[in-house]
Every structure is written in structure tokens, then in C-alpha cells.
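Below is one structure; the comments refer to it alone.
Just so it is clear, none of the values below were taken in a lab; they were calculated from the coordinates. Keep in mind it's a predicted model, so treat the numbers as computed, not measured. Here the Cβ is made from the backbone with ideal geometry for all residues, glycine too, and neighbour counts use every protein chain on show.
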Amino acid sequence: MEPLIVTVAPVGAELRPEDTPYLPLTPEQLGETAEACRAAGASIVHVHCRTDEGANTHAVARFGAAMAAIRERSDLIVQFSTGGAIGMTPQERAGPLELRPEMATLTCGTVNFGDDVFENGFPLMRELLAAMQRFGVTPELEVFDLGHLANAKRLAAEGRLAFPQHVDFVLGVPGGLEATVEHLVECVRALPERCTWSVAGIGRMQLPMAVAAIAMGGHVRVGLEDNIWYTKGRLARNDELVARIAHIAAELGRPVATPQEARRILRLPGTAAAA
Ligand code: KMH
Ligand code: ZN
């Protein structure tokens with residue numbers, strides 16, 4: 001098996017600062033978090049941005065400051081969110097791509113999201129993919145339900161992306177596919193050949209899904225965006241969540257990937273695997 005790629009999603013769009021004191025809000029805090037998570041074993045950081053007060057923002061300047069702060073303190077692969085927050089316009093969601101991060105997420109379909117609807121129709125997906133191509137950004141396909149994989153295959157049939165791709169299964173969102181090992185196995189079975197994949201389990205399913213992925217040869221996303229608890233009743237820091245995965249993976253004989261190894265595994269441009 002390849003070394004384990006650990007993505008940290010440190011802040012997300014939905015949490016409120018009063019939910020946990022460990023959310024990195026400022027670019028400087030994101031830089032510090034990136035450094036700590038890199039030391040703990042992460043190789044990708046999935047970026048959402050906040051104002052100093054904690055409100056979600058998709059302002060290009062804020063993403064620019066965040067990327068600079070992360071790069072100053074780590075060599076992590078910077079992956080921007082294009083999911084943003086419920087209700088954002090396509091233009092807002094695409095805006096930061098002009099900063100040319102190495103990666104960005106592409107959610108591959110509409111999904112209920114708690115009481116809300118996270119809208120990702122085909123026109124939007126095509127627009128985001130076109131922007132990624134224009135700016136040389138590698139997508140990570142976010143799959144919240146099995147139909148999303150079918151949508152990605154349709155985008156490929158249209159010639160808008162070429163498999164193999166890297167796919168992240170986000171399991172356990174209320175409204176999406178539930179986080180069970182059975183569903184994860186089904187998701188992996190439905191992947192086109194040679195795709196790489198990771199799983200982001202939501203809430204208390206973050207750890208069980210991660211352990212399953214380690215054993216199955218997949219990769220793992222952890223972080224406060226998806227789960228704020230270390231154990232029941234004890235809030236987590238991002239780097240602790242990464243460190244726990246790195247420890248379990250080492251015990252299972254799967255060392256974590258460095259960012260450079262992750263670039264090769266993910267076939268990012270400029271690596272031998274991309275040629
Ligand atoms: N905040 C969610 C509505 C992504 O980052 O690409 C969407 C999300 C997905 O977080
Ligand atoms: Zn996100």
C-alpha cells in the first residue's frame with residue numbers, strides 16, 4: 001500500500017467560534033495550525049476562511065493571506081474549498097481559484113445538508129471545473145452520495161475531466177450517505193480504475209471511517225470541519241486529530257505520506273506520476 005495521505009480540514013464554514021476555542025480564524029492561526037498538523041503527519045490542508053470575528057468569508061484577499069501564511073510555515077498541499085457555505089453564489093465559490101492553489105474541492109452533486117440544501121447542479125460543476133482548468137488547479141471530487149460518482153462520470157463523458165481522479169467520500173452528512181463500512185466499500189467499488197480516494201467521516205464516525213480507510217488502502221481526512229471532539233466530552237485540536245491517525249496508521253504498518261509523496265500519489269502536475 002502507498003503511504004497514507006492525511007488531509008486536515010481545520011475550520012469549515014458552519015462551526016461557530018463558540019462551538020470550540022480551537023478554530024483557526026485568522027491567516028496567522030491557519031499558518032500555525034498548518035505547521036502543527038504537518039508536524040503531526042498531515043500532507044494536505046483543506047482551506048475555508050473566516051473573518052477575525054469568526055464569520056465565514058470567501059473573499060479572495062482572505063484566501064490569499066491564508067495561503068501565504070500556510071506556505072510560510074509549512075510545505076502542505078493547499079486545497080481551497082469551492083463548496084464554501086450554503087447560499088453562496090457560483091462567482092463567490094470560484095473566486096479564490098485565481099490564486100492558483102494546488103488543489104480545490106469539487107462537490108459532485110446537490111445534497112440535503114441538515115435542514116438546508118447544498119446546491120451543486122451541472123452548470124455550477126462545469127463552471128467550477130472550467131475555472132480549475134483555467135488556473136491549473138487539480139480537483140478533489142467530493143462525493144456525499146453514490147449518485148455524485150455517477151455525476152462525475154457524466155462530467156468525464158462530457159470531456160470536462162479525465163479519470164483517474166482523487167475522490168473524497170464525505171460520509172455521515174445528514175442528507176447524504178451514512179457513514180458505515182458497508183457504504184464505504186460500495187463507494188470504493190464504484191470508483192473508476194486507478195482513482196485514489198479518501199474518506200471524511202462526520203462527527204463521531206470520523207475515527208471509525210478513518211481506520212477503515214487505512215486498512216482498505218484509502219486515505220483519510222480529519223479536522224474540526226467534520227468533527228470537533230477528540231473523545232466524548234473532550235474538544236479536539238486539529239493537530240491531535242492528525243496525530244491520532246498517524247499513530248494508528250503506524251501501528252497498522254502504514255506510515256503517513258510527506259506532502260511530496262502525496263503530490264506523487266495524487267499525480268499533481270510536476271510530479272513523475274503526472275507525466
Ligand atoms: N460547507 C459545506 C456546505 C467543500 O469544502 O468543498 C460544503 C463544504 C464542501 O464544505
Ligand atoms: Zn470544506
Please state the charge dipole magnitude for the chain, taken about the Cα centre, from unit charges on C-beta atoms (+1 on K and R, -1 on D and E), reported in debye and rounded to the nearest 20.
660
Only sites in a loop by DSSP and with at most 10 other Cβ atoms within 10 Å count here; which trypsin sites (Lys or Arg not before Pro) in region 196-269 make the cut?
Lys232
Over the Cα atoms of the chain, compute the convex hull volume and normalise it per residue, giving Å³.
115
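How about region 111-196: which trypsin sites (Lys or Arg not before Pro) there are in a DSSP loop, with at most 12 other Cβ atoms within 10 Å of their Cβ?
Within region 111-196, the qualifying trypsin sites (Lys or Arg not before Pro) (loop, at most 12 other Cβ atoms within 10 Å) are Arg194.
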Please give the length that would be gained between Arg189 and Asp75 if that part of the chain were fully extended, namely 0.36 nm times their separation in residues minus their C-alpha to C-alpha distance (nm, one decimal).
37.8 nm
In region 96-216, what is the volume of the convex hull around the alpha carbon atoms, normalised per residue and reported in Å³?
108
How many nm is it between the label spots at Ala274 and Arg154, if each spot is 7 Å from the Cα in line with the beta carbon?
3.0
On the formula 1/(1 + (r/R0)^6), with r taken between the Cβ atoms of Ala250 and Glu28 and R0 of 25 Å, the FRET efficiency rounded to 0.05 is 0.25
Gain upon complete extension [Glu2, Asp19; 0.36 nm per residue less C-alpha separation]:
2.5 nm
Kirkwood Rh and Cα-based Rg: tell me the resulting Rg over Rh for region 1-100, rounded to two decimals.
0.96
